[in-house]
Amino acid sequence: MLTLTENACSIVKRYTDHPDTPDQAGLRIMSTPEAQLAVTTADEPAAGDQLVEQDGAKVYLDAGAAEQLDGKVLDAGIDEAGNVQFGLLAED
């Protein structure tokens, strides 16, 4: 199963912890036909999504993403321009 670094948890919560955001809001990672991954925010999971919840951060994975990310660690940071960058690490 995917796990999150402390940085990733903080960034996911920053995007989903707003007074007008539903309690189920989280980050959603989807697989694409080209075997790439797409990341969006979601008010709730889509049917069939796997939930990864860690330290209050919610990440929803579609079936393809869940398979690709099994055993990986999601990390995140903010670059010099203020853009969020996600990266994957191998689980220790």
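With respect to residue 41, determine if the residue is touching a helix residue (DSSP H, G or I) at 6+ places or on another chain (Cβ under 6 Å), surrounded by fewer than 17 Cβ atoms within 10 Å (Cβ to Cβ) and not acidic (Asp, Glu).
yes
Check whether at least one residue in the range 18-34 is surrounded by 17 or more Cβ atoms within 10 Å (Cβ to Cβ), assigned to a loop (DSSP other than H, G, I, E, B) and under 12 Å from the mean Cα position of the chain (by Cα), and report yes or no.
yes
Could you list, in sequence order, the residues of the range 39-80 that are acidic (Asp, Glu) and within 10 Å of residue 29 (Cβ to Cβ)?
49, 62
Here is a list of conditions, (1) in contact with a Phe, Trp or Tyr (Cβ under 9 Å, 6 or more places away or on another chain); (2) outside any helix (DSSP H, G or I), and residue 8 meets all of them except one; can you say which number that is?
(2) is the only condition that residue 8 fails.
Rule-based calculations on the coordinates, nothing more; no lab input. Just so you know, these numbers come straight off a predicted model, no measurement behind them. Cβ atoms come from the backbone with ideal geometry, glycine included; neighbour counts cover every protein chain shown.
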